[in-house]
Amino acid sequence: MNELPQEIPRLIQALTRLRIIFQGTPDVELMDSEVAELAGLEEDECRILLSVLQQTGAIERPRRRVFVCPRSSWWTAARVRSHPPASTRIDEATVLNRRVRAS
């Protein structure tokens, strides 16, 4: 049987982290650098994944380097598990707190 490339589990983890972030912050505009930091991804890798998600209609890009996942997005509406582990939950308050600390 063919094995999956080693990158596949890493890709799944990265997409899962991005999904958790956008599910916790529907309709909130996030800079690509914020998303990368929250997801624990390198900025270049994160930008590639965000671009793919935007092209598939999972998220929108209202302005350059700004992404938002509408509450109505198919990506946030689909259920993979009922609740993400507490340690990975990201919500709007978390994003706002990080923005305040950074300024």
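What follows is calculated from the coordinates using simple rules that are stated; it is not laboratory data. Computed from a prediction, not measured in an experiment: that's the story for all the values here. Methodologically, a virtual Cβ is constructed for each residue, glycine included, from the backbone with ideal geometry; neighbour enumeration extends over all protein chains shown.
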Quiz item: Long-range amide H contacts for Ile59: which residues qualify at under 5 Å (H placed 1.01 Å from N, peptide plane, sequence gap of 5 or more or a different chain)?
Solution: Gln54
Quiz item: So, in nm, how far is label Glu42 from label Ile8 when the simple model puts each one 7 Å beyond its Cα toward the Cβ?
Solution: 2.3 nm
Quiz item: How long is the gain from Val28 to Arg65 if the chain were fully straight, where each residue apart is worth 0.36 nm and the alpha carbon distance is subtracted?
Solution: 12.0 nm
Exercise. Please report, in cubic angstrom per residue, the volume enclosed by the convex hull of the alpha-carbon atoms of the stretch 23-66.
Key: 69 Å³
Quiz item: Long-range amide H contacts for Leu41: which residues qualify at under 5 Å (H placed 1.01 Å from N, peptide plane, sequence gap of 5 or more or a different chain)?
Solution: none
